[in-house]
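Before any comments, here is the structure.
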Amino acid sequence: MLLDATTFDLVQHIDTVLAAVEGSELEDVIRPELMQSVLEISTPICRTIADVDHQLRKLRGAVTQIARERDMRVGSAGTHPFSLFERQRITARDRYRALVDQMQYVARRELIFGMHVHVAIDDPEKAIKVVNGLLVHLPQLLGLSASSPFWRGEPTGLSSTRQLVFAAFPRSGPPPRFRDYADYAEVVGQLERTGCIADYTHIWWDIRPHPRLGTVEVRICDAVTRLEDAVAITAFCQSLVKHYCERYERGEEIPSYHRILTSENKWLAARYGLEAPVMDLATGRRNRVPVSQLVRRTLRDVEPHARELGCERELEGVRDLLSRGSSADNQLRIFNANRDIVEVVSAIADATEAAAAPVPA
């Protein structure tokens, strides 16, 4: 989020930021988004989670410096707590104008911010099975990343309001369970052949295969405020993908569950965050359990994979997050102290910029 340094409202200055990085190595990794108050940063391909940490610090440092030199701040969260979508200008690019022309109010209302994690997989059949396996973990990923308890200046009672706003988009939510890659390709091909979508990137599922990049893309997460949490959740994603890849390679059946069940658990996580009382689909227990309990169980399952990947230390950040609470929890604590919504955005900016690496002069 591009923020006014005094009022902490969103400001329409993406062109100013893009002009500042034009011709530099940052030009390809700092990009515009649908609205002019939003910027996207993307790491290059990273071999290790330590590389992700380094690249994110570098990128956050760069945008923090550029913003401060222009009387702005930056902040990362799933929604801006009080800015209104009606006051945002659409970025002056054909792609975004076409999106608004097609989606109308649904696109204009999309003042939300997410974090996407790509993990490379070397085989398309394996990728489909991994996506099926990851579906049960959607509420865990959402609970950990939840950072949008406010919308239009009001607490919504939700940990992730972003999820409910984005649910209005077509082709969103948990993906269906595909039998194999041919099943996936047939469905997507039908959408493309009939002109419903230009290509598969117009399918906005919570997790999706990305054939052109050779990755599985985890898209459910709110934009994460603390850099350490973003790194920890990325380590969690990579370790989970390795876990399911190895199960597939051993010829094991990867369990998957009906979309109505995974969608219900996702809703509960959006509503209640880390304390969401979700169904324990893996064991079939009749009573519900806090999603934080399932995260801890998943950590035990993936810790051996994290050691092999060299991200055991970063994965430990998930336990820190569980003990401290999510960004949504922290935003509500700050708001409840003084009922000051501007103070909430100020704290988001401080936490976003805190771990940014200084940019050399």
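In the list Arg271, Arg250, Arg259, which residue meets the criterion of being farther than 23 Å from His116 by Cβ and open to solvent by 30 Å² or more (accessible area, probe 1.4 Å)? Before the answer, list the steps.
On the way: Arg271 fails: farther than 23 Å from His116 by Cβ; Arg259 fails: farther than 23 Å from His116 by Cβ.
Exactly one of Arg271, Arg250, Arg259 is farther than 23 Å from His116 by Cβ and open to solvent by 30 Å² or more (accessible area, probe 1.4 Å), namely Arg250.
Using beta carbons and a limit of 7 Å, which pairs, at least six apart or on different chains, have the first residue in region 126-145 and more than 21 Å from Pro211 (Cα to Cα) and at pLDDT 95 or above and the second one of a type in the set (Phe, Trp, Tyr) and surrounded by fewer than 24 Cβ atoms within 10 Å (Cβ to Cβ)?
Val136/Tyr257
Across region 44-64, which residue is farthest from the chain's Cα centre (by Cα) among those that are surrounded by 17 or more Cβ atoms within 10 Å (Cβ to Cβ) and of a type in the set (S, T, N, Q)? Break it down stepwise before answering.
As a first pass, look at region 44-64 and keep what is surrounded by 17 or more Cβ atoms within 10 Å (Cβ to Cβ): 49, 52-53, 55-56, 58-64.
Now narrow it down to the ones that are of a type in the set (S, T, N, Q): 55, 64.
Details: Gln55: 17, Thr64: 20 Å.
Top of the filtered list is Thr64.
Which one is nearest to His80 (Cα to Cα), of the residues in region 192-209 that are in contact (Cβ under 8 Å) with a residue 12 or more places away in the chain and not in a strand (DSSP E or B)? Spell out the reasoning first.
Within region 192-209, the subset in contact (Cβ under 8 Å) with a residue 12 or more places away in the chain is 197, 200, 202-209.
Restricting the remaining residues to those that are not in a strand (DSSP E or B) gives 197, 200, 202-203, 206.
Working: Ile197: 29, Tyr200: 29, His202: 24, Ile203: 25, Asp206: 21 Å.
In this case the residue turns out to be Asp206.
Considering only residues of region 28-60 that are touching a Leu at 6+ places or on another chain (Cβ under 8 Å) and among the acidic types (Asp, Glu), which is nearest to Thr215 (Cα to Cα)?
Asp53
Can you name the number of the only condition in (1) of a type in the set (Val, Ile, Thr); (2) open to solvent by less than 30 Å² (accessible area, probe 1.4 Å); (3) without any contact (Cβ under 8 Å) to a residue 12 or more places away in the chain that Val188 fails?
It fails just one condition, (3).
For region 294-325, which positions are of a type in the set (A, V, I, L, M) and open to solvent by less than 10 Å² (accessible area, probe 1.4 Å)?
If we filter region 294-325 for residues that are of a type in the set (A, V, I, L, M), which is where we start, we get 294-295, 299, 302, 306, 309, 315, 318, 321-322.
Passing the criteria: Val295, Leu299, Val302, Ala306, Leu315, Val318, Leu321.
Suppose we filter region 80-136 for residues that are under 21 Å from Val165 (Cβ atoms), assigned to a helix (DSSP H, G or I) and not acidic (Asp, Glu); how many remain? Reasoning before the result, please.
Residues of region 80-136 that are under 21 Å from Val165 (Cβ atoms), as a first pass: 80-91, 95-117.
Add one more test, that the residue is assigned to a helix (DSSP H, G or I), and what stays is 85-87, 95-103, 105-108.
Right, trim to not acidic (Asp, Glu) and you get 85, 87, 95-100, 102-103, 105-108.
Total satisfying the criteria: 14.
Going residue by residue through region 155-178, is there one that turns out to be modelled with pLDDT under 95, among the charged types (D, E, K, R) and more than 17 Å from Leu268 (Cβ to Cβ)?
yes
What about Asp71, is it of a type outside the set (Gly, Ala, Ser), open to solvent by 50 Å² or more (accessible area, probe 1.4 Å) and over 28 Å from Val165 (Cβ atoms)?
Numbers: of a type outside the set (Gly, Ala, Ser): yes; open to solvent by 50 Å² or more (accessible area, probe 1.4 Å): yes; over 28 Å from Val165 (Cβ atoms): yes.
When the stated conditions are applied, Asp71 passes them.
Quick one: which residue in Arg177, Arg109 is open to solvent by less than 60 Å² (accessible area, probe 1.4 Å) and either among the basic types (Lys, Arg) or touching a His at 6+ places or on another chain (Cβ under 7 Å) (or both)?
Details: Arg177 fails: open to solvent by less than 60 Å² (accessible area, probe 1.4 Å).
Of the residues listed, the single one that is open to solvent by less than 60 Å² (accessible area, probe 1.4 Å) and either among the basic types (Lys, Arg) or touching a His at 6+ places or on another chain (Cβ under 7 Å) (or both) is Arg109.
Is there a residue in region 234-246 that is part of a loop (DSSP other than H, G, I, E, B), closer than 20 Å to Arg177 by Cα and touching an Asp or Glu at 6+ places or on another chain (Cβ under 8 Å)? I'd like the intermediate steps shown before the answer.
Narrowing region 234-246 to residues part of a loop (DSSP other than H, G, I, E, B): none.
No, the conditions are met nowhere in region 234-246.
Does Leu10 satisfy being open to solvent by 40 Å² or more (accessible area, probe 1.4 Å) and closer than 20 Å to Val165 by Cβ?
In short, no.
Please work out which residue is surrounded by the fewest Cβ atoms within 10 Å (Cβ to Cβ), limiting yourself to region 81-100 and to residues that are farther than 19 Å from Met1 by Cα and hydrophobic (A, V, I, L, M, F, W, C).
Top of the filtered list is Ala98.
Which residues, taken from region 210-233, are in a loop (DSSP other than H, G, I, E, B) and buried (at least 23 other Cβ atoms within 10 Å of the Cβ)?
Pass one, region 210-233, residues in a loop (DSSP other than H, G, I, E, B): 211-214, 219-221, 223-226.
Passing the criteria: Ile220, Cys221, Ala223, Val224, Thr225.
I need the full set of residues from region 341-361 which are modelled with pLDDT of 95 or more and touching a helix residue (DSSP H, G or I) at 6+ places or on another chain (Cβ under 8 Å), in order please. Break it down stepwise before answering.
If we filter region 341-361 for residues that are modelled with pLDDT of 95 or more, which is where we start, we get 341-353.
If the condition is that a residue be modelled with pLDDT of 95 or more and touching a helix residue (DSSP H, G or I) at 6+ places or on another chain (Cβ under 8 Å), then Ile341, Glu343, Val344, Ala347, Ile348, Ala351, Thr352, Glu353 are the ones that fit.
Scan region 274-293 residue by residue and report those that are open to solvent by 30 Å² or more (accessible area, probe 1.4 Å) and in contact with a strand residue (DSSP E or B) (Cβ under 6 Å, 6 or more places away or on another chain).
Glu275, Arg288, listed by residue number.
How about region 25-64: which of its residues are of a type in the set (S, T, N, Q) and touching a helix residue (DSSP H, G or I) at 6+ places or on another chain (Cβ under 9 Å)? Quick ask: steps written out before the conclusion?
First, the residues of region 25-64 that are of a type in the set (S, T, N, Q): 36-37, 42-43, 48, 55, 64.
If the condition is that a residue be of a type in the set (S, T, N, Q) and touching a helix residue (DSSP H, G or I) at 6+ places or on another chain (Cβ under 9 Å), then Gln36, Ser37, Ser42, Thr43, Thr48, Thr64 are the ones that fit.
The values are calculated or read from the model by the stated rules, or taken from the named source; none is laboratory data. Fair warning: this is a prediction, and the values are worked out from it, not measured in the lab. No Cβ is skipped: glycine too gets one built from the backbone with ideal geometry, and neighbour counts run over all protein chains shown. Note: accessible area is taken over every heavy atom of the protein model, side chains too, but ligands, DNA and RNA are not part of it. Shrake-Rupley method; radii C 1.70, N 1.55, O 1.52, S 1.80 Å.
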